[in-house]
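Scroll down for the structure; my scribbles are underneath it.
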Amino acid sequence: MNLVVQRKLRLRNRADFNRIYRYGKSFANGQFVVYWSRQPVAEPFRLGVSASKKIGNAVVRNRMRRVIKEIIRLNGAKIVPNIDFILIVRKPAVEMETKQLEKSIMHVLRKAGLLKKEARF
């Protein structure tokens, strides 16, 4: 099942991003910040990825977005339903390999309480 690739599972418009930034909760580690809020229409969840110009040029930013979306797609079954969340990439993440990125993303999602109970370690 192609979770994140589906358009309906992506946060795209500015209003959704602003709502989550303003009213959502946030958690962070060294590589990522996650903002999230409950959203009944988000089934199973909706993801937005933010990579600022601080982390690199367009090639670097787009690569990070693609890698993050793929990590979320592969781990989608572990994420709690009915949430909108935004992953913000921090500069140290650019130097990491995919496995390290996955571990870091799962860590920040666990810290935020966005993983299902049976998916926690």
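The values are calculated or read from the model by the stated rules, or taken from the named source; none is laboratory data. Predicted, not measured: the structure shown is a model, and the values here were computed from it. Ideal geometry is used to build each Cβ from the backbone, glycine not excepted, and the neighbour counts take in all protein chains shown. Remember, those area values only see protein heavy atoms, side chains included, never the ligands or the DNA or RNA. Shrake-Rupley method; radii C 1.70, N 1.55, O 1.52, S 1.80 Å.
Remarks
- Scaled against 2.2 N^0.38 Å for its residue count N, the alpha carbon radius of gyration of the chain is 0.97.
- Centroid-to-centroid separation of the range 30-56 and the range 71-121 [C-alpha atoms, Å]: 10
- The chain: most fluctuating residue of 48, 30, 76 per GNM, C-alpha cutoff 10 Å: 30
- Most fluctuating residue given options 95, 70, 43, as computed from a GNM of the chain linking Cα atoms under 10 Å: 95
- Taking 0.36 nm per residue of separation and subtracting the Cα-Cα distance, full extension of the segment from residue 78 to residue 12 would add 21.5 nm.
- The residue 28 and residue 57 beta-carbon pair, evaluated with R₀ = 22 Å, returns a calculated FRET efficiency of approximately 0.40.
- Rounded accessible area per residue of the range 25-121, 1.4 Å, Å²: 53
- Segment residue 100-residue 19, extension gain: residue separation times 0.36 nm, minus the distance between their alpha carbons: 26.2 nm
- Close amide H partners of residue 79, meaning residues 5 or more places away or on another chain with modelled amide H under 5 Å apart, are 116.
- Structural descriptor for the chain: relative contact order 34 percent, calculated from alpha carbon pairs under 8 angstrom and at least 6 residues apart.
- Along each principal axis, Cα extent of the range 67-121, largest first, Å: 30, 22, 19
- Within the accessible area of the range 15-107 (1.4 Å probe), percent carbon and sulfur: 54
- Contact order, relative form, for the range 29-88: 64 percent (alpha carbon pairs under 8 Å, 6 or more residues apart, mean separation divided by residue count).
- For the chain, built as a Gaussian network whose Cα springs stay under 10 Å, the top-fluctuating residue of 87, 74, 47: 74
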